[in-house]
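Notes follow the structure.
A short reminder: the numbers here are calculations on the coordinates, not readings from a lab. Worth saying up front: this structure is predicted, and the values here are computed from it rather than measured. Please note: Cβ atoms are built from the backbone with ideal geometry, for glycine as well, and neighbour counts cover all protein chains shown.
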């Protein structure tokens, strides 16, 4: 029995074969793996050190064709002497080559690169129609090793570091080596798990975006252990070299392991994170970084405006306001403007953070009395924002009364400057002129930007703040009404319910003034396909049923303006009819905005955000989820099952 626990049968000449035993084939070995009896008596009589291994001539020829770099049976101790005329390779040479081969094999995958003994037990015995013949401790292999080479686990070429004489010992043909080289893993073709979604013939199509998507066959990725992924994918980088695949396949494998892209030392040396070049090459806000995060160079903007009517009680759930179910993706920015906000502004900001969850952080928040403006951004993008500035304007005669006016927030994202304004104009059906005055005062008095550089000073004017930014969104309660009696408005609503509101908008004061050019010069508004958002009875969908019988109107609006034509694309423009805690319905708008690379010579925000709001919002989100699960478990424990005996 050798050191691996295998029973060894000594060599027997053909004339001494036991007639009771069945004859063996010419290419077979005799390994007593089933019969456990030993041959100690025969070994005692044949333990002469001067004897040599007797091998038939045809088997010697086969052995010379065996590649020394393919798996071999376990090696045994070297015999005392070997005849010089023997054509067999010595055990010392075989052992040396076997160790060289084992040292170069990848030991990461137990299914492919197990120990030599285990591979011999599991692969060689059933695959080869051969055995081992041993005499005086020397071994010779019989069998079709070319077949074994085709079935053995594939490894990369191991002959690159050997001399030419060792690559082809004793005239070994190069054909066998080429056959061994071609033994590689060939990736099986990929098959779709389901029908492909319809794709528009437009590179800016939302169907082509893969942000936050997970393949169906990788849904359990988060459940897999880190150790398993490390061992399976990246325990030995040499495993990737043996695969017949292109660089895209290797990068795809790496992408399933980490969300972080590798950074080359050369890139770190060349890049400047303080101030970019004139063309933006190598800058933190330059084109390379922009294309990494936004290949199509468009960012998603979500704008919401709501007159809360000063109610203390907030809705139990703000998901319908910020995360409507009929949208495929969440947006990159969330801008929420509130008029007549709740008394506790901090509570409102925490509720927004709780709704948006850990994916977003509050970049900035500003207020002017009961006017609140809050900006949330995806946490991955805070490094590309400049410092944020804000300014306020009051339109009341008495400046201490801050119920009417505007608050604006401005910042630069990459190389594009943004301005967001929420305002509350003078109320009253007939006070159109006063509302125009409010608008003119705001665009002249809103002092922005302060320290931020103007990205295009040649198109800026000192008398209009909206000309000093690339992309401007102005939203709020503008208080423009429909110039028609209530009976006529309700008749039009009944005829055009859930249809185009064009006949209704013909009586809209804001549309008329914008056409005349007296207000919101250069601004646009998306088509309106929702009913008027003012004035409702609290908690229901009935317009004002009080004695005043106010006319339903589109008081809450979202307008936009851009320096470059077609920079802003409207994705959605509607109202949120499920929130009924105020006499106004919130209005939401989703936009795709083109962004351009910039330079790092602007004052960067350096990843600043409101940390206390973030922590409190996430804490409440977790607490809410735990309470929900506890309620579900309680209901399950209280339920009874009736059984019929």
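With the simple spin-label model, which puts each label point 7 Å out from Cα in the Cβ direction, the residue 580 to residue 547 separation comes to 2.6 nm.
At full extension, residue 403 and residue 624 could sit 76.2 nm farther apart than now, given 0.36 nm per residue minus the alpha carbon distance. Expressed to the nearest 5 percent, the antiparallel share of DSSP beta bridges inside the stretch 287-621 is 80 percent.
Packing, taken as the mean count of other beta carbons within 10 Å per residue, orders the peptides 302-311, 341-350, 407-416 from highest to lowest as 407-416, 302-311, 341-350. Counting beta carbons within 10 Å around each of 285, 615, 504, 321 and listing the fewest first gives the order 615, 321, 504, 285. Ordered by the count of other Cβ atoms within 10 Å of each Cβ, fewest first, 393, 571 give 571, 393. Taken along the Cα-to-beta-carbon direction at a fixed 7 Å, the label points for residue 268 and residue 293 span 2.1 nm. A full extension of the chain between residue 518 and residue 606 corresponds to an added length of 27.6 nm, given 0.36 nm per residue minus the alpha carbon distance.
Taking 35 Å as R0, compute the FRET efficiency from the Cβ-Cβ separation of residue 195 and residue 427 and round it to 0.05. According to the calculation, E is roughly 0.10. By the count of other C-beta atoms within 10 Å, a proxy for reagent exposure, 425, 523, 196 are ordered fewest to most as 196, 523, 425.
Using the Cβ-Cβ distance between residue 615 and residue 317 with R0 set to 22 Å, the FRET efficiency from 1/(1 + (r/R0)^6) comes to roughly 0.55.
For the stretch 547-612, the extents of the C-alpha atoms along the principal axes are 60, 39, 20 Å, listed from largest to smallest. With the simple spin-label model, which puts each label point 7 Å out from Cα in the Cβ direction, the residue 447 to residue 325 separation comes to 4.9 nm. The stretch between residue 309 and residue 440 holds 44.6 nm of extra length on full extension. This uses 0.36 nm per residue minus the Cα-Cα distance.
Computed packing ranks the peptides 551-557, 324-330 as 551-557, 324-330, most packed first, by mean other Cβ atoms within 10 Å. Across all directions, the average projected area of the convex hull around the alpha carbons of the stretch 315-402 is 7.0 nm².
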